[in-house]
Every structure is written in C-alpha cells, then in structure tokens.
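The values are calculated or read from the model by the stated rules, or taken from the named source; none is laboratory data. What you are looking at is a predicted structure, and each value in this text was computed from that prediction instead of being measured. Virtual Cβ from ideal backbone geometry, glycine too; neighbours counted across all protein chains shown. Side chains are part of the model used for accessible areas, which takes the heavy atoms of the whole protein and leaves out ligands, DNA and RNA. Shrake-Rupley method; radii C 1.70, N 1.55, O 1.52, S 1.80 Å.
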Amino acid sequence: MSSVPSLLRLWSVRRLDLTEFYTQTPSLITLLGHNGPLSLKVLPESVEQLAAVVFEAQDKDLTQSFLEKLGGDLTSCSLDWEVVLYLLQRSTQDIITVDLRKNKPSERNISDCIPFLSKVVFKRPSTSFMMSAIREVYRGRASDCVSGLCRSAGHAINLNTRELNTVDCAALCFTLQHSEPVKLNLLWTSIPPEEMENILPLLHKVSQLSVERRLLLRFLYHTSSQSQQGAASASELLRALQHRLDLSSSTVDLSDEEQGESEALLLSVEDCRAIFTVLGLSPHRETQLILRDCEVEDGGLDLLFPVMERLQLRPSKAQLLQLLSLVPVGSERGTVRRAEALCGALGGELDISETRLDHRACGSLALVLGHSEGLSELDLSHCQLTDQHLGLLLSHLHKAQVLDLSHNKITDALTDRMVQLAATDGSNRTVRLFGNCIKDTTPFENEKRFEIW
C-alpha cells in the first residue's frame, strides 16, 4: 500500500476498490490526502475506523475529503450517532447515506438530525423512526423540514403496524400538508375513527396508499358519507389506491393469521353500498375489485351490478356462482345488461373449476357466455358436469381459446357435437376432456386441439 499514493500521482485513477483485503488506517488516511478525483471503496470496518479518526481530528478538509472519496455512502457500517451528526454538520455538498438498520437512532438523535435532513438519505427507516421524526417536525411546526424528511426517506412514509393516537395523526396530517406527493403505508395501522375525516382531504398528497382490508372499508365508508366534495374525495381515494380495492386476505397481518383472524371477511349490504357509492362517484372506469376470501351477501353483490362496467372484478368461485345466479331478472333487457356487464368485468378468464354447477348455474353461465366477445380461458374442470349440463353451454364454448372440461361426467353422447364445435370458426385452441366418461376417443384423435386419454 505504501506505493499506491505514488502510483496515483502517475496514473489517472478515478476509482480504487480495496474491499478484497484489509488496509491499515494510516494508509487510508494517506489516500484521503490525494488531490485528484478519487472514489474509494473499502471494507466496512475500514470505513468505521476512518470515520473515528476523522471525528477525532475534527479537521474540516479531512472530513470533506472523507465524504467526497466515499461518496457519502455510510450504509456498509455501524457508527455512533455522535459521529454521524458530526459528519452531517460538516458536510458541504455530499449527501450522506445511512442505513438505519445498522445505525439505530435514539429519540434525541432523531431530534438532533432534523436540521440536517436535506443532507441525508435514510435507508431502511423503521416505522418507529418515521413516527418519531414526523412527531418531532410537528412539535416544532418545522414545515420547512418536511420536504427534507420525505426526500431522506425516499418520498415514503411507512407507519405500518403502528397504533396512532390523536397527536400522531395530527403530525401525519401536518406532514402531508407540507409535503410533495409521498407513498403512505398504513398496512395494519390503527387509526382513531374521528381522525379519518382529517386524513381524507389530504389524500391528494398521497401518490400511493397501502392499507389492509378493514381500514380500507373505513376509508370507503367515510368517503361515501361525505355530502360535499364526494366526487373529488372518491377520485382521490381511488387514485391513491392505484384504482385497486383489495378486500382479500392478501392484506391480512401475519399476527392476525396466527390468531385465526384471517378467515373470510363478511361483507354486508352496507359495506357493498359504500363500495358502490365510491365507485359511482368516481369517473374512473377500470377499478379492480378483489373479493377473494370474502363472504358477500346476495343483496350486497346485487348492488354492484349498476357499477359493474367500471370494474375489473376478481371474485372467489363461490361469489362467481352467486353473481351468475343474480344475472336473470324480471326483464329480458335487464338480464342481458347484467350478463354483458358481468362478462366485461370478469375480463378474459373465467375459472369455476372444482365448483358444482347445477342447471340454473349453467343457464346463467350460458347467458354470460352468450354476450362474451371471447375468453382466453374457461376452466370448468371438476364441476360434476353431465351431458345435460354441457348441452346448455355447448353453443357458446367455442369462444374460449383454452377450454378445460376435464374430470366431469361427460359421456360419448355428446362426441359428435363437440367435434363439430371444434370444426366451427371459433377460438378453441385447446379443449381438455380427460378424466370423463368417454369410452371411444377415436373421433377426437384427428383434432390436435383435443386433449383426451
């Protein structure tokens, strides 16, 4: 290492990687004195030792050289916060990056670093850090520090699993009022009911909102109950949610799952009315509604039909059967409109596999398929379909590119009609028939699209 400084004066070197071997601190100090542009990459323990020497020396030029040559990157090491604060105070141009998993600050440390937020980027900030930071900013009404706090945390406010009190919510609202658009993570977060009306008007400052399904319902209820600015609030809520209403168990906390609270969420008629109202207020036409792992009353699902054309619906198989049963209404026109709306909301895939279909369900499914422009896949496997059931559907099954009729009770009686179906000018590329009661497979052998054995 003793010859490296001399070589650097002779050669034009912009980056020196010393992570493959241990370098003594005096040698690294010598490299800090190199006048040319030089980026250093050293072992974490070497960074820690260098930082300690720089802190002890309290030399302005040495400190600046240390930050410049490391690019302000302190993410690899663990430092005393006294050292971190010293570097923040002395930094003139370099942004300092600190990993908060390796450098956990105390409440006092957080308070001390607030004035220097424009000079730092925090990697992996904990929810407790973010809560403490926004409370500290709010306590001092330091609106000029909000943008620095949000930028230092990657324009994200992560408060998941926190139980917020009134002061916490006031601090959050203060932060949102003075921030640029930020991502707000409130997954499994507890918020006092009376604070919802204070947060809702600030959603225009939220670029992406993450919530679990029970808190989502509360947001929907509060938005639907607003007599004034209802349309604007609904639009802002759906935009912040990325036009995705996820009421499935994918947003259930692991601790809830261990306690058995991840069972199906029961959606009442009032719950669905809140969803219907918010969707009706918003002009956006493609909101994804995920209802898997929910139990929904028939009356609740019935409320969704007027806004079905605005939805990309992701129901469970049980809900899909409920929806099919609700398609027929008193008038033919109404039935057709419902069939068209449901078909459009379900998109290009329809999976009712492993669900017993009776004559009524097959009749409703035929109505929906009759108004479909085509499906990429229709999965009717393991549905206990008989020849009579299939007879109700056959005239529409050519619309599916992949048709799965495997593991049902279909017999040879419908062989001619199925072969004729494949010969029509339809979309079928694959028709799965294995696992049925078909004895003679010869008629299917000349059609490669049939999968049967």
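List of remarks:
- Take each peptide in 428-438, 319-329, count the other Cβ atoms within 10 Å of every residue, and average; sorted highest first, the result is 319-329, 428-438.
- The protection proxy used here, the mean number of other Cβ atoms lying within 10 Å of each residue, ranks peptides 43-49, 273-279, 440-446 as follows, highest first: 273-279, 43-49, 440-446.
- Among [x] 1.16; [y] 1.04; [z] 0.95, the entry that matches Rg/Rh (Cα atoms, Kirkwood Rh) as calculated here: [x]
- Accessible area (Å², 1.4 Å probe, nearest 10) - D73: 80 Å²
- Pair K60, R285: separation of 7 Å Cα→Cβ label points (nm): 6.4 nm
- Accessible area (Å², 1.4 Å probe, nearest 10) - D412: 60 Å²
- Per residue, the convex hull spanned by the Cα atoms of the range 338-453 amounts to 82 cubic angstrom.
- Separation of the alpha carbons by more than 30 angstrom is noted, of K41/K205; K60/K102; K60/K205; K41/K119, for K41/K205; K60/K205.
- Interchain or long-range residues, amide H under 5 Å from S207's placed H: V182, K183, L184
- Å² of accessible area per residue within the range 90-146, as computed with a 1.4 Å probe and no ligands counted: 51 Å²
- Expressed as a whole percent, the accessible area of the chain that falls on carbon and sulfur atoms is 46 (1.4 Å probe).
- Accessible-area value, K41, 1.4 Å probe, nucleic acids and ligands omitted, Å²: 100 Å²
- Solvent-accessible ranking of R360, R218, R124, largest area first, probe 1.4 Å: R360, R124, R218
- Using a simple spin-label model with pseudo-atoms 7 Å out from Cα toward Cβ, S143 and W453 lie 7.2 nm apart.
- Mean separation of Cα contacts under 8 Å (6+ apart) over length of the chain, as relative contact order %: 6 percent
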